[in-house]
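Peer 1: First, the structure itself, so that you have it in front of you.
The values are calculated or read from the model by the stated rules, or taken from the named source; none is laboratory data. All values reported here derive from a predicted model rather than from experimental measurement. When we count neighbours, we look across all protein chains shown, and the Cβ atoms used for this are built from the backbone with ideal geometry, even at glycine. Side chains are part of the model used for accessible areas, which takes the heavy atoms of the whole protein and leaves out ligands, DNA and RNA. Shrake-Rupley method; radii C 1.70, N 1.55, O 1.52, S 1.80 Å.
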Amino acid sequence: MRFMIMHKNDANTEAGLPPPIELVHRMGEFIGEYASTGRFIDGAGLAGSKTRTRLVFRDGQCTAKQGPYSGENELPAATLLLKVRTREEAIGWAERYGKILGDGELELGKINEPWDIGLMPAPENPPLQMLLIDKADRASEAGGRSPQQKAAISRLKTEMTKAGVLVRSFGLQPSAKGKRLVFTNHARQVIDGPFVESKELIGGFAILELSDMDEVLELCQRYAEILGGTLEMDVRLVDPDDQQDGRSL
């Protein structure tokens, strides 16, 4: 079973402060442990909201808001990792995606690269990696979008792949099958889904192949300890029928 584990944004990330190098190394070792056995599928950290763009679709119109901003409806239904030249290019693809869904909301968040957190000098003219977050709505929380929407999104993803834009994408099962973990000084509270909404911005995510929820909870306890022991996480099941690796198409 594949699970997406999302930790929420914190004040340091929102302020644009790089994580302590010790935390970076500990997280690297933690991820490496699962990567060495093939169970780490994907993951990344996101920069603060000042690097993000929120797209709201209403009555056929799209309104874009550039950060910084606070969280509103932050419950994801799917994520798409895009590799583009500019933010405007990413917004163009996101607008096409959003118009397929009708009324709703998307977010584009910049992925933290190794040079953003002090691990290496920035290369010259690197591509821009953006995470497109498709926000949940009644349809996605009820089990899925319409067949027409799914077909249109599939066609758009194929076009994005051919253009070298889509790196990979993951759909998520409804939040009724998920859990929210609230850690306070390393003490854990587990809240069962469904979740009406989440107002905390996603700070980063990891997708892992794990046996069951018990293993997920054990992993999250270790994950939380690395991140300081006081934070919120969401755990969601990845939809086995809605996963795409653009590099293999």
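Peer 1: Which residue out of Gly144, Gly118, Gly102, Gly92 is under 19 Å from Gly48 (Cα atoms) and either modelled with pLDDT of 95 or more or not hydrophobic (A, V, I, L, M, F, W, C) (or both)?
Peer 2: Of Gly144, Gly118, Gly102, Gly92, the one residue that is under 19 Å from Gly48 (Cα atoms) and either modelled with pLDDT of 95 or more or not hydrophobic (A, V, I, L, M, F, W, C) (or both) is Gly118.
Peer 1: Restricting to region 62-103, name every residue that is open to solvent by 30 Å² or more (accessible area, probe 1.4 Å) and assigned to a strand (DSSP E or B).
Peer 2: Residues satisfying the conditions are Cys62, Thr63, Ala64, Lys65, Gln66, Lys83.
Peer 1: If you don't mind, another one. Go through region 119-172 residue by residue and tally those that are more than 19 Å from Gln244 (Cβ to Cβ), without any contact (Cβ under 8 Å) to a residue 24 or more places away in the chain and within 20 Å of the chain's Cα centre (by Cα).
Peer 2: 2
Peer 1: If you don't mind, another one. Check Val190, Val165 and return the single one that is modelled with pLDDT of 95 or more, β-branched (Val, Ile, Thr) and surrounded by 13 or more Cβ atoms within 10 Å (Cβ to Cβ).
Peer 2: Just a single option satisfies the conditions, and that option is Val165.
Peer 1: Looking at Ala176, Ala206, can you tell me which residue is assigned to a strand (DSSP E or B) and either open to solvent by 30 Å² or more (accessible area, probe 1.4 Å) or not basic (Lys, Arg) (or both)?
Peer 2: So the residue among Ala176, Ala206 that is assigned to a strand (DSSP E or B) and either open to solvent by 30 Å² or more (accessible area, probe 1.4 Å) or not basic (Lys, Arg) (or both) is Ala206.
Residues checked against (1) open to solvent by 20 Å² or more (accessible area, probe 1.4 Å); (2) part of a loop (DSSP other than H, G, I, E, B); (3) touching a residue at least 12 places away in the same chain (Cβ under 8 Å):
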position	(1), (2), (3)
Met4	no, no, yes
His7	yes, no, yes
Thr13	yes, no, yes
Gly16	yes, yes, yes
Leu23	yes, no, yes
Phe30	no, no, yes
Thr37	yes, yes, no
Gly45	yes, no, yes
Arg54	no, no, yes
